Amino acid sequence: MNDLVWQNLHLCPHGDPDETIADAALAVRDGKLAWVGARDALPREFDDWPREDIGGAWVTPSLVDCHTHLVYAGHRADEFALRLAGASYEEIARRGGGIASTVRATRLADEAALVAAAEQRLTALIEDGVGAVEIKSGYGLDLASERKMLRVARELGRRCPVSVYTTFLGAHALPAEFAGRADAYIDEVCERMLPALADEGLVDAVDVFCERIGFTLAQSERVLEAAARRGLPVKMHAEQLSAMGGAALAARHRALSADHLEHLDEAGVVAMKAAGTVAVLLPGAYYFIRETQLPPIELLRRYEVPIALATDSNPGTSPATSLVAMLNFGCTLFRLTVSEALQGVTRHAARALGQDVRHGALEAGRAADFVAWSVDTLAELAYWIGRPLAARVVRNGITVYRRPRPAAARSTT
Ligand code: DI6
Ligand code: FE
């Protein structure tokens, strides 16, 4: 069913603008790519398949948002106003605001309310070209509430035309009931919460916020070890607000990724390179908290550490629901090239999820997940800010989103 040849596309099969096919075709069988290449090389076996003409549009793999906190209740616009009046993110967190305020709201919300709130944000991502998304827990901070968040993430994966990968971030912040007892909370995370949630099939990976306002290196390492005992891949929020050595620790534990990394040093870069750990940069958070310490892009380039970009979509430091906007932020703020940025939201982001066999490239055998863009050049994807660019989003060979054409264009045809 749905066997189809998509033709007349300007294909960028691996998210690398230096590697494109001007007049390409994709043959899709049972939702998977049966063949990818130049249209004039299409094998004879596809001659009598139905055709869908894409009109010469640029086509890339669907984008991968490899770091989000999409599931939560409420928002923090009030805190934003406090920050505009001079308070820092860390000060607000130390006063019981910040993550703790979203935890209070999320604990009170039921699953249906959380699904409804997150589905709006996820829909915005999908209509922006995202075909796979990571969703973290971490606003529950007790077993029942973390379970609720992860169940909501799984439900979003069933409802919405996108692949959802869940990450257990029980060690995101210290819940109020454990004030002054961080080690006891880490016991709870490692010995009770993680095993229970993993047994329920709710956890695809494990993350920890290694930071002055989060958890120490020693506490973070215990979380990584607990994940390893369950055979679960790990990642880490590391070196965001201070240099703690989290990235090197993550690399020692063969982490899929270390994320944020503004304060990463050369030893951390070397360790990440050796371990194959992806550097996930989050320019939305850098922008929103007006960070000034830049991640060490030159070092990452010199050691050829793969760089991914993600939204970090969350209510406190990155209320962003456009991964395409992060292309512009990554290029403008971090001076990434367009090529680095595009590969950062396709193949490197897929690798940061440990899902590079499934997502982030268009090759025979993979899912037919791709986006047709209304741009003349790929550089426009990193150029426009806030302009909807995805004309058509295809998942498993089926169009799941088509951007309505403006009324003026419709009336002339
Ligand atoms: N780093 C972040 O940027 C988010 N979490 C984290 O560990 C912020 C989460 C929030 O402020 O709600
Ligand atoms: Fe984050």
Filter result (within 13 Å of ligand 2 (Cβ to nearest atom) and touching a residue at least 60 places away in the same chain (Cβ under 8 Å)) within the range 309-335:
Ala310, Thr311, Asp312, Ser313, Asn314, Pro315, Gly316, Thr317, Pro319
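Residue-wise test of (1) in contact with a strand residue (DSSP E or B) (Cβ under 8 Å, 6 or more places away or on another chain); (2) closer than 22 Å to Asn396 by Cα; (3) among the small types (Gly, Ala, Ser).
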| site | (1), (2), (3) |
| --- | --- |
| Lys32 | yes, yes, no |
| His69 | yes, no, no |
| Arg83 | no, no, no |
| Glu90 | no, no, no |
| Ala100 | no, no, yes |
| Leu108 | no, no, no |
| Leu114 | no, no, no |
Residue match in the range 83-103 (condition: in a strand (DSSP E or B) and surrounded by fewer than 18 Cβ atoms within 10 Å (Cβ to Cβ)):
no
Of the residues that sit in the range 354-413 and are out of contact with any strand residue (DSSP E or B) (no Cβ under 8 Å at 6 or more places or on another chain) and among the aromatic types (Phe, Trp, Tyr), which one is surrounded by the fewest Cβ atoms within 10 Å (Cβ to Cβ)?
Trp384
It is to be established whether one or more residues within the range 293-304 are more than 16 Å from ligand 2 (Cβ to nearest atom), out of contact with any strand residue (DSSP E or B) (no Cβ under 7 Å at 6 or more places or on another chain) and touching a residue at least 40 places away in the same chain (Cβ under 8 Å).
yes
Tell me yes or no: at least one residue of the range 352-366 is of a type in the set (Asp, Glu) and within 16 Å of ligand 1 (Cβ to nearest atom).
no
The range 268-292, subset in contact (Cβ under 8 Å) with a residue 60 or more places away in the chain and surrounded by 23 or more Cβ atoms within 10 Å (Cβ to Cβ), residue nearest to ligand 2 (Cβ to nearest atom):
Leu282
Take Ala109 and decide whether it is of a type in the set (A, V, I, L, M), surrounded by 19 or more Cβ atoms within 10 Å (Cβ to Cβ) and touching a helix residue (DSSP H, G or I) at 6+ places or on another chain (Cβ under 7 Å).
no
By my count, strands (runs of 3 or more DSSP E) wholly in the range 220-310 with at least 3 residues that are modelled with pLDDT of 95 or more and not hydrophobic (A, V, I, L, M, F, W, C) are 257-260
Flagged in the range 194-219 as part of a loop (DSSP other than H, G, I, E, B) and more than 14 Å from ligand 1 (Cβ to nearest atom), in numbering order, are Glu200, Gly201, Leu202, Val203, Asp204, Thr216
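The values are calculated or read from the model by the stated rules, or taken from the named source; none is laboratory data. For clarity, every value in this text was computed on a predicted model and none was experimentally measured. With ideal geometry, Cβ positions are generated from the backbone for all residues, glycine too; neighbour counts draw on all protein chains shown.
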